[in-house]
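Single-structure report; data block below.
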Amino acid sequence: MEPRYKTLIYVTGRHCFIIIIALLLVACGKYQMPPFSNNEWKLTNNHVTNADIGTDIDFGGGSTLPITNSSNGDYGLNFITDEDGFNRYDKFCQRYFTTMLSQLPMAIDSIEFILADRFAVLQPNALTQWPPDVIRQADGVVLVAQANPPANDLQPLDELWRNLVFDKKMNRIFVIDRFYKNGKHLAIVYTMQNEDKLVPFSGTFHYDIFNPHNVQSVGTNMETLLNISISALSTGKILGYNDYIHSADSCFMAGDYISASNSFESAFHTGDDIQGMHLYNAACAAALAGLTDVAFERLMRRLALDTDWYINEPNKDNDLMALHDDARWAVYCDSIKMRRDRIEKDYNQPLRRKLLSIAESDQSIRQQYLAAVSSVPQDTALVTTLLKQMQDIDAANQEKICEILDSEGFAGTDKVGNASMVYWLVIQHASVELQHKYFPLFVQAAERGDISRECVALMDDRIAMFENRPQKYGTQIVDGKLYDLAEPDNVDALRKQMGMPPLDEYLKQMNATR
């Protein structure tokens, strides 16, 4: 996964959007819209709720909802719950929706709502059987239902039924998820289609969805849509971006790379600002899971997200080793090299190489030590040996960094690029005396943007803990419990000033308590 000190190198290519277009199912004539229901649905940011049915659906999008229905923003009707609203909708879009309905072999009683460009929620006719293609049971077991069709006509309360309708002529796939909640049968309908479709919707795929080369990416997006549907069934908390990222990191560390890849994709579909390091880590998870196409798609997205992002030596990342024989790897590496040459042309290369070498030794021994503690904790001789090696390497690195700081000062990103983080990385492991000595330099570096403000907060809190004083920002945890706070009621405001998330969110990520 992307090392902490490399938050300066990230990647994305052409963003692979799902067009989750509002769909409806027809119970009447070919071009006749089913009636709208009288149920009270409420749209709040990315959540649509109905108290009577007991449904809360997280559709992603964050603050971008309600979205527009074309790239130039001409259409303003986004959350449609009645016939009048649909009649005021763009005529082309009306025809587009009603034409699609004829392809869906499922009778419905009413339309609950349309979230234009995204979804439609319907009440299907429960007496009209349409055997599912896939069943997702409450315990997470997924069954291919057409090979073993359900014995009953009515859907069980604890199952989610999915059907897929493929329209190769129009280059689109309809995904219909059905569930039963509080006495109501509901269906959420999504559409995925190619970018080159001549329709007035902005969120579309950037590749041929029926090309076998893209089957992994299509499948990953279908899995994400399934997670959204499952949220409508759950009675617990609807997950957000950081929840999915935390789950992805946990699965990755446990070696469950498929689950990690799925959790990353779910995070990316919440609509919050996607962080570059998460895209890179998601590419690593996909590569380790054997999802080559998904891994490259995420690397290309990472490249596109930040045109100044690059990684020093892409071939050295073992998590991406499975991609090296693919022709796309050479394209990726060439892009990285071009960026590196452009950005580093005025760097102090000898100093940069020296700093990066120090960082490599710092991180390498820690990875070995943590791996031993995790996998063979009973091998106390190995753990003790690695701990001693880490202490020796830290002492040598601290001597080198102190010599550089004392003789040359703090070289910023304009001289050494992302290697400016190495000063803090090494001193953060040093004695409290050295931290005190160089702390003012790190404060100045953060003010210039050479390191993050969070680095200053971490060192400030660590110094306080070493001196048996309460910490200011709540970054230090001891034995799974938060170390004492100086200003408990003001800590979130202080963390916000340093660009850090709220304390409760941080503690959840760290599996710690107050």
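The values are calculated or read from the model by the stated rules, or taken from the named source; none is laboratory data. The structure displayed is predicted, hence computed values, not measured ones. Note that each Cβ is placed from the backbone with ideal geometry, even for glycine, and that neighbours are counted across all protein chains shown. Note: accessible area is taken over every heavy atom of the protein model, side chains too, but ligands, DNA and RNA are not part of it. Shrake-Rupley method; radii C 1.70, N 1.55, O 1.52, S 1.80 Å.
At pLDDT below 80, assigned to a helix (DSSP H, G or I) and of a type outside the set (Phe, Trp, Tyr), is that true of THR220? Judged against the criteria, THR220 is a match. Answer with yes or no whether TYR257 is touching a residue at least 12 places away in the same chain (Cβ under 8 Å), of a type in the set (Ser, Thr, Tyr) and more than 30 Å from VAL48 (Cβ to Cβ). Against the criterion (touching a residue at least 12 places away in the same chain (Cβ under 8 Å), of a type in the set (Ser, Thr, Tyr) and more than 30 Å from VAL48 (Cβ to Cβ)), TYR257 qualifies. Looking at segment 382-405, can you tell me whether even one residue there is farther than 24 Å from ALA457 by Cα, open to solvent by less than 50 Å² (accessible area, probe 1.4 Å) and more than 36 Å from the chain's Cα centre (by Cα)? Yes, segment 382-405 contains a residue that is farther than 24 Å from ALA457 by Cα, open to solvent by less than 50 Å² (accessible area, probe 1.4 Å) and more than 36 Å from the chain's Cα centre (by Cα).
Taken over segment 285-341, the criterion of being within 24 Å of CYS251 (Cβ to Cβ) and among the hydroxyl-bearing types (Ser, Thr, Tyr) is satisfied by THR292 alone.
From the residues in segment 228-239 that are surrounded by fewer than 18 Cβ atoms within 10 Å (Cβ to Cβ) and not hydrophobic (A, V, I, L, M, F, W, C), which one is modelled with the lowest pLDDT? Once the filter is applied, the top-ranked residue is GLY236. Which members of segment 103-149 meet the condition of being within 17 Å of THR191 (Cα to Cα), at pLDDT 75 or above, open to solvent by 10 Å² or more (accessible area, probe 1.4 Å) and not aliphatic (A, V, I, L, M)? Correct list: GLN103, PRO105, ASP133. Selection of segment 438-454 for residues being assigned to a helix (DSSP H, G or I), more than 12 Å from MET498 (Cβ to Cβ) and of a type in the set (Gly, Ala, Ser) yields only ALA445. Considering segment 364-378, the residues that are open to solvent by less than 70 Å² (accessible area, probe 1.4 Å) and in contact with a helix residue (DSSP H, G or I) (Cβ under 7 Å, 6 or more places away or on another chain) include one that is farthest from VAL422 (Cα to Cα), namely VAL376.
One residue stands out among those in segment 422-437 that are part of a helix (DSSP H, G or I) and open to solvent by 20 Å² or more (accessible area, probe 1.4 Å): the one that is nearest to LYS354 (Cα to Cα), which is TRP424. Being at pLDDT 70 or above and open to solvent by 50 Å² or more (accessible area, probe 1.4 Å) is the requirement here; does ASP82 meet it? So ASP82 fits the description; yes.
Scan segment 319-339 and give yes if some residue there is out of contact with any His (no Cβ under 7 Å at 6 or more places or on another chain) and modelled with pLDDT under 90, otherwise no. I'd like the intermediate steps shown before the answer.
Of segment 319-339, the ones out of contact with any His (no Cβ under 7 Å at 6 or more places or on another chain) are 319-339.
So of that shortlist, the ones also modelled with pLDDT under 90 come out as none.
No, segment 319-339 contains no residue that is out of contact with any His (no Cβ under 7 Å at 6 or more places or on another chain) and modelled with pLDDT under 90.
Scanning segment 407-414 turns up no residue that is open to solvent by less than 20 Å² (accessible area, probe 1.4 Å) and not in a loop (DSSP other than H, G, I, E, B). Remark: pairs (first residue in segment 361-390, at negative phi and outside any helix (DSSP H, G or I); second residue of a type in the set (A, V, I, L, M, F, W, C) and open to solvent by 40 Å² or more (accessible area, probe 1.4 Å); Cβ separation under 9 Å; 6+ apart in sequence or on different chains) = VAL376/LEU382. For segment 92-113, a residue qualifies if it is in contact with a Phe, Trp or Tyr (Cβ under 7 Å, 6 or more places away or on another chain) and among the aliphatic types (A, V, I, L, M), and the qualifying residues are LEU104, MET106, ILE111.
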